[in-house]
1. Report, by residue number, each residue of the range B:128-166 that is among the charged types (D, E, K, R), open to solvent by less than 60 Å² (accessible area, probe 1.4 Å) and farther than 15 Å from residue A:48 by Cα.
2. May I ask you to list the residues in the range A:49-63 that are more than 7 Å from chain B (Cβ to nearest Cβ), part of a helix (DSSP H, G or I) and either within 19 Å of residue B:47 (Cβ to Cβ) or not charged (D, E, K, R) (or both)?
3. Taking the range A:1-46 only, how many residues are small (Gly, Ala, Ser), surrounded by 21 or more Cβ atoms within 10 Å (Cβ to Cβ) and not in a helix (DSSP H, G or I)?
4. If we keep just the residues of the range B:53-71 that are within 7 Å of chain A (Cβ to nearest Cβ) and modelled with pLDDT of 90 or more, which is most open to solvent (accessible area, probe 1.4 Å)?
5. Would you mind stating whether residue A:34 is facing chain B (nearest Cβ under 7 Å) and over 22 Å from residue B:59 (Cβ atoms)?
6. Only one of A:86, A:67, A:109 is over 24 Å from residue B:139 (Cα atoms), in a loop (DSSP other than H, G, I, E, B) and not hydrophobic (A, V, I, L, M, F, W, C). Can you tell me which?
7. As an exercise: evaluate residue B:131 against (1) more than 9 Å from chain A (Cβ to nearest Cβ); (2) in contact (Cβ under 8 Å) with a residue 40 or more places away in the chain; (3) under 24 Å from residue B:39 (Cβ atoms) and give the number of the one condition it does not meet.
8. Of the conditions (1) in the same structural domain as residue A:16 (by TED's automatic domain parsing); (2) surrounded by fewer than 18 Cβ atoms within 10 Å (Cβ to Cβ), residue A:82 satisfies every one except a single condition; which number is it?
Amino acid sequence: MSRHPAPDELLLDYAAGTLPEGPALAVALHAALDPAARQAVDRLNAVGGALIERETEASLDDAALDRAIARLDQVAVEPRATPSARRPGFEWAPSPLTPHLRAGMGWRRILGKFDEIRLDVPGDAYRVSLLRLEPGRGLPEHKHPGYEYTVCLQGGYTDATGSYGVGDFAVGPGDQRHEPIADPGDPCIALIVVEKPIVLTGPWGRWLNPLVSRGII
Amino acid sequence: MLTAEEAADLIEAIASRQDRAAFAGLYRHFAPRVKAFIMRGGTDAEAAQEVAQEALIMVWRKAASFNRSKASAATWIYTIARNKRIDLLRRSARPIDTEDWLVVYAPEEEDADKSVLAGQTYTRVKELMGGLSVNQLVVIQKAFYEDKTHTVIAKELKLPLGTVKSRIRLALLRLREALEKDET
């Protein structure tokens, strides 16, 4: 079990299919990396299965089954899915990230402090990014009115709330200021899902915030 | 009625010999249930039928990826139907590829002992749900049936968010404790 699991109610929303895509991606990565989280999600899916089984039958029109069977000619039974190979250059990326990674995607240095890959995840309420921090480096101090979800994918980081390693999940109401610093060892790579907007609070924040709100940094 | 074992046999029959009679058997059992489940979320009958139809076609396509030691047929079909419902709600230009979800739920490095137990989880979960308090069952049902986040549930039940969260936690804790007791 990881030191920092995702909260149960978030796992429930994930299993029930009610989380928006950004936070759902964060939970999927957490479940891919943390066996205890995966087991918890399996259990919740089993609750979903049990609810379906307990369901009384809604009437289906008789022709529906015939229509379904008529379609099977066009639908091949596919061979067993094999685990997709990790992308070159993204060996640290667990499989739920794969559909979001594109050829030619590269790290972009931001404010001279950290690297970012902005992911194109549908829905505009969240900003979804991969961030990379060299050991000892930190993110600019920031806050945001909404929620922030973080999953550590490589290395580790420490902030006022504790130390986070691979698979660990952090959820924070953004009104707490926090300043994560990457731990020694491999560079820290994390998925960060932030409810917009984001406000920088450091000495430069006043000047940089207009750029953040326009999505430039 | 179809037992969990029989349902798993039918999916395997599709995988091994494209058995249409097996498909029809699964369809008769699950399609009306999936439709009823989806309708609880306020989806109209026609759209719910579409979800059920597409989910069962997906069961045919992906039958070879079903692994009875990792999930029961009902659990597997639930995850497929859930993803189909998400696609329908979003009318997404980029529908969720079920395979991506399957990879998450059937991760590569799982140890063999654990996965055998996962197959039994469903049966126990079904039993244990009968033992939850009404309050606990209501929050869980609302989350699943009505497609609502815990924040919305709190508003609807006119309860503080903290109360809903703690009911969810307690319900899940009871399930977890009972399952873990089985496993040791």
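1. Across the range B:128-166, the qualifying residue is only B:165.
2. Hit for the range A:49-63 is A:63, nothing else.
3. Looking only at that region, the number is 2.
4. Taking the candidates together, the pick is B:61.
5. No; evaluated as a whole, the condition is false for this residue.
6. Just one listed residue meets the conditions, A:86.
7. (3)
8. Tallying (1) in the same structural domain as residue A:16 (by TED's automatic domain parsing); (2) surrounded by fewer than 18 Cβ atoms within 10 Å (Cβ to Cβ), residue A:82 fails exactly one: (1).
The values are calculated or read from the model by the stated rules, or taken from the named source; none is laboratory data. Given the structure is predicted, the values throughout are model-derived calculations rather than measurements. A quick note on method: Cβ atoms are made from the backbone with ideal geometry, for glycine too, and the neighbour counts reach across all protein chains shown. With ligands, DNA and RNA removed, areas are computed over all heavy atoms of the protein, side chains included. Shrake-Rupley method; radii C 1.70, N 1.55, O 1.52, S 1.80 Å.
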